[in-house]
Amino acid sequence: MTSRLSDALRTTTATDHALQIVTPPTTRLTLPTRTALPNRWVVQDPERGYYDDLSGAALHWKNGTFTPVRNEDGTTSVAEAFKAPAEGGERQPLLTLRTRHPADADLVLGGALEAVLRHLTGASPAGWSTAEPVNLPWSTRQLTDLARARAPRPSWLIAVGHPDQPALTTMRVLRTTAGVEEDITLALGYRESETPPPQPIDALAAELNAEHGLVTMLTALRAARHDLTVPARLEPPPIPVPFTLGHDEARRIDPPRAEQPPLGLTPTRLGAPAKPALHYPLGDGTERHAWSTFQRLTQHLKQQA
């Protein structure tokens, strides 16, 4: 996500255009680029034409854009190159969380992200930037100043961990009627011979709830590259492990109902008894039905909100 690509993305969004990038099949995207790209990544297979990297759908150029090639029955063919199996047993733990803070002059952002990386890697972030490559030493004060200068517009930034433990984060800072919110997505890279973080996620969740205004956090595990880049082929989707509801959000929903979802799930109460977070176990990262369990849980919680 270079400055040039970021500018192109902003321009197309502001002018109601679509941004589609076209690459050879050997190209890999960084996670921030793939996350931020709202439109197609088009892969040009020299032998079989074009296909979409997300769905694998065969594409062709029609009416000024890349569109799926339809079979006679109206279905879409999946490119063979996209079906190539993933290599090795590398894995990525993924965390997606939101925090919320009162909008006051003393607010310093980035504390939640710092706590997550310290807990999972043993060190604070090494650097941050608004584009790649990351070129600024980590500073919560500087990123707070940037977000404050841009408010009420949202700010989007990237942070990285130290080289001995691949970690890549995107964070979006939003000014809302409820305060200042941070949307954080973090990926860690592990080789086949390495074990994902043994530290319990519930300890991190308790810290985020007590000190950093946790709203929600979803932890998942997926088979993907250790270097955190995204190849132009099928990768298995992440599988949820636990979901955490911060105490303010649980109170908004209604604690008795949030603590008794009709799914056979029994959440663990984390933190101070007066303001506990609710931590819902969803599986061990190998059970694909965990997505349906998570969807039913969130549906129940939204109905009660």
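Given a Förster radius of 41 Å and the C-beta distance between His162 and Thr65 as r, what FRET efficiency does 1/(1 + (r/R0)^6) yield to the nearest 0.05?
That pair, His162 with Thr65, gives E of 0.50.
For region 47-54, take each phi angle, set θ = phi - 60°, evaluate the Karplus expression 6.51 cos²θ - 1.76 cosθ + 1.60, and give the result in whole Hz per residue in order, putting x for glycine and proline.
For region 47-54, the Karplus curve yields 9, 10, x, 9, 8, 8, 6, 7 Hz.
Once the Cα atoms of helix 201-211 and of the chain are each reduced to a long axis, what angle between those two axes, in degrees from 0 to 90 to the nearest 10, is obtained?
The angle comes out at about 60 degrees.
Pull up the cross-link candidates among the aspartates and glutamates for Lys275, meaning alpha carbon to alpha carbon under 14 Å and not fewer than 8 places away within one chain.
Glu207, Glu211, Asp248, Glu249, Asp254, Glu259
Over the Cα atoms of region 74-136, what is the Rg over Rh ratio if Rh follows Kirkwood?
1.18
For every helix of n ≥ 4 consecutive DSSP H residues, a contribution of -39,500 (n - 2.57) applies; sum these over the chain, divide by its total residues, and give [θ] at 222 nm rounded to the nearest 500 deg cm²/dmol.
-7500 deg cm²/dmol
Rounded to two decimals, what is Rg over Rh for region 161-241 when you use alpha-carbon atoms and the Kirkwood radius?
Rg divided by Rh gives 1.00.
By how many degrees, between 0 and 90 and to the nearest 10, does the Cα long axis of helix 111-121 differ from the longest principal axis of the chain?
70 degrees
Would you mind calculating the gained length between Asp254 and Asp106 on full extension (0.36 nm times residue separation, minus the Cα-Cα distance), in nm to one decimal?
50.3 nm
What ranking do 111-121, 268-278 get when scored by the average of other Cβ atoms within 10 Å per residue, highest first?
111-121, 268-278
Calculate one ³J(HN,Hα) per residue across region 172-184 by plugging θ = phi - 60° into the Karplus curve 6.51 cos²θ - 1.76 cosθ + 1.60, and present them in order as whole Hz with x for glycine and proline.
Listing the rounded values in order: 10, 9, 10, 9, 10, 5, 8, x, 10, 10, 10, 9, 10 Hz.
In whole Hz, what ³J(HN,Hα) sequence does region 260-273 give by Karplus (6.51, -1.76, 1.60; θ = phi - 60°), x for Gly and Pro?
Couplings: 10, x, x, 10, x, 8, 10, x, 8, 7, 10, x, 4, x Hz.
Among Arg251, Arg40, Arg153, which comes first, then next, by fewest other beta-carbon atoms within 10 Å?
In order of increasing Cβ crowding within 10 Å: Arg153, Arg251, Arg40.
Round to the nearest 0.05 the FRET efficiency obtained for Leu136 and Thr195 when R0 = 25 Å and r is the Cβ-Cβ distance.
Computed FRET efficiency for Leu136 and Thr195: 0.20.
Compute the helix-to-body angle for 3-14: its Cα long axis versus the longest principal axis of the chain, expressed 0 to 90° and rounded to tens.
90 degrees
Rounded to a whole number of µm²/s, how large is the Stokes-Einstein D of the chain at 37 °C and 0.692 mPa s, given Rh as the Kirkwood radius over C-alpha pairs?
156 µm²/s
Over the alpha-carbon set of region 174-221, work out the extent along each principal axis and list the three values in angstrom, largest first.
Computed over the Cα atoms, the extents are 46, 20, 13 Å.
Here, each number is a calculation from the coordinates, and none is a lab measurement. Please read these numbers as outputs of a predicted model, since none were measured by experiment. Every residue, glycine among them, receives a Cβ derived from its backbone with ideal geometry; neighbour counts consider all protein chains shown.
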